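**Student:** I'd like to ask you about the structure that follows.
The values are calculated or read from the model by the stated rules, or taken from the named source; none is laboratory data. Note that the structure is a prediction, hence the values are computed from the model and not measured. When we count neighbours, we look across all protein chains shown, and the Cβ atoms used for this are built from the backbone with ideal geometry, even at glycine. Accessible surface areas use protein heavy atoms only, side chains included; no ligands, DNA or RNA. Shrake-Rupley method; radii C 1.70, N 1.55, O 1.52, S 1.80 Å.
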Amino acid sequence: MTRPVRVALYARVSTDGQSVDPQLACLREHCRSRGWEPVEFIDEGISGTRDSRPGWNACWDALNKGQLRILVVYALDRLGRSLPHLVQIIEFMTARNLVLVSYRENIDLASSTGRMLAGIFSVLAEYERSIISERTKAGLRNAKAKGKRVGNAKRYFDKGKATQLRQAGWGQVRIAKTLGVGVGRVNQWVRQEYNRDHATEGS
């Protein structure tokens, strides 16, 4: 007798007042109809970042390691935190020849229709990213036009203290850590100012 194919079944609700039972009932029946043996991963009353979803973390780990090669969810919105995040999941699974099945949308990435929809999602995600990028750029242009400072303020670089440390034999990395500035800033100062000033003193 052929052993049933083991698949990852993932169900999630984001509030304590909801229950995963309706999702599980549909997904278990769907797996039975296809002769699949589900391995269940569940997150209840949890939303937010990936790190706050232990059920999904365990599910993703099993897929990533190739322990399970089919993922069954009730709906696509149970997976991604956003459209681009959902597309990342789909692209990863497609690249690894893993299968994603969404019950509500009747999507199966193993089919030609499912792969076509994955392509459409990718286009929409790129469109969403471009819209966000353009809005960000427009906001920066507007802020500059109003005379507002854009970006993080530069951390003060104490050249006097840096000179003392350098003369004491300290390296650029150690000076940067001590003064709380970037190593690149110290390197630039050494090349353009410190070496020039001390070469002049020695002439």
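**Student:** Working carefully through the options ILE120, ILE131, find the one that is at pLDDT below 75, more than 30 Å from ALA8 (Cβ to Cβ) and surrounded by fewer than 16 Cβ atoms within 10 Å (Cβ to Cβ). So that I can check it myself, show each step before the final result.
**Tutor:** Values: ILE120 fails: more than 30 Å from ALA8 (Cβ to Cβ).
It is ILE131.
**Student:** Which members of the range 68-94 meet the condition of being in contact with a Leu (Cβ under 7 Å, 6 or more places away or on another chain), in contact (Cβ under 8 Å) with a residue 40 or more places away in the chain and either over 22 Å from GLU37 (Cα atoms) or of a type in the set (Asp, Glu) (or both)?
**Tutor:** LEU83
**Student:** Here's a follow-up. Among the listed residues ARG196, ARG174, identify the single one that is in a helix (DSSP H, G or I), open to solvent by 90 Å² or more (accessible area, probe 1.4 Å) and modelled with pLDDT under 75.
**Tutor:** Values: ARG174 fails: modelled with pLDDT under 75.
Answer to the selection: ARG196.
**Student:** If I go through the range 75-117 residue by residue, how many of them are at pLDDT below 80, over 26 Å from VAL13 (Cβ atoms) and among the charged types (D, E, K, R)?
**Tutor:** 1
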